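Notes follow the structure.
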Amino acid sequence: MGFLTNQLTQQNFQDHLLKTLKVICQEDVQQPDNAVTVTLEAAPTEPVTATITPLSFEAIVDQDKVFNTWILEVTITDATGAAETFEVTYQEDAVVCPFDLTQWPGQTIVQKHDVEFRIIGDPIVVDTDVTVNFVINYCLVVAKEVLVKVNGAILFC
């Protein structure tokens, strides 16, 4: 086993293209006045409680707007402890970004973090229909894949 001289000589440096994300839009989003209605099998015994859990989302970017569709798990529990769970598709209002997102080349990546679904007030019960009002809070990040040219050497070991 031997030791080599400095591997980082000038002839070992060359241009490399690296794929990375460039953040185009970052917004703190608060969507008030949202509601979902589910229909139970039988009229619940009041008081009724509800929980909302986001399972997934799909985002569509169109010019300067991001349209989000959520798959939500809504659980309704009545006073007797009987609970029913539903998967609901919910489309929220469009989020406006300050830039035209279609003018940047590359694939659009939409991410959300610090997502919070906060229920407002008690669920509204009308016969077997239960309406749950809620607010959505999250940080929205829209990025594009870009190539960056970097001049560097790849280490041997």
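For the reader, a short list of remarks on this structure follows.
- Extreme residue, nearest to ILE60 (Cα to Cα), among residues of the range 70-106 that are in a strand (DSSP E or B) and aromatic (Phe, Trp, Tyr): TRP70
- The listed residue being under 26 Å from CYS25 (Cβ atoms), surrounded by fewer than 16 Cβ atoms within 10 Å (Cβ to Cβ) and among the small types (Gly, Ala, Ser), out of ALA94, ALA83: ALA94
- Residues that are of a type outside the set (Ser, Thr, Tyr) and farther than 20 Å from GLN107 by Cβ, drawn from the range 7-26: GLN7, LEU8, GLN10, GLN11, ASN12, PHE13, GLN14, ASP15, HIS16
- Residue that is farthest from VAL125 (Cα to Cα), among those in the range 57-69 that are of a type in the set (A, V, I, L, M, F, W, C) and without any contact (Cβ under 8 Å) to a residue 40 or more places away in the chain: ILE60
- ASP100, sole failed condition from (1) under 30 Å from VAL146 (Cα atoms); (2) charged (D, E, K, R); (3) surrounded by 14 or more Cβ atoms within 10 Å (Cβ to Cβ): (3)
- Pick from the range 52-69, criterion of a type outside the set (A, V, I, L, M, F, W, C) and assigned to a strand (DSSP E or B), ranking: farthest from PRO32 (Cα to Cα): ASP62
Where a number appears in this text, it was derived from the coordinates with a stated rule and is not lab data. Just so it is clear, the model here is predicted, and its values are computed rather than measured. As a convention, Cβ positions derive from the backbone with ideal geometry for all residues, glycine included, and neighbour counts pool all protein chains shown.
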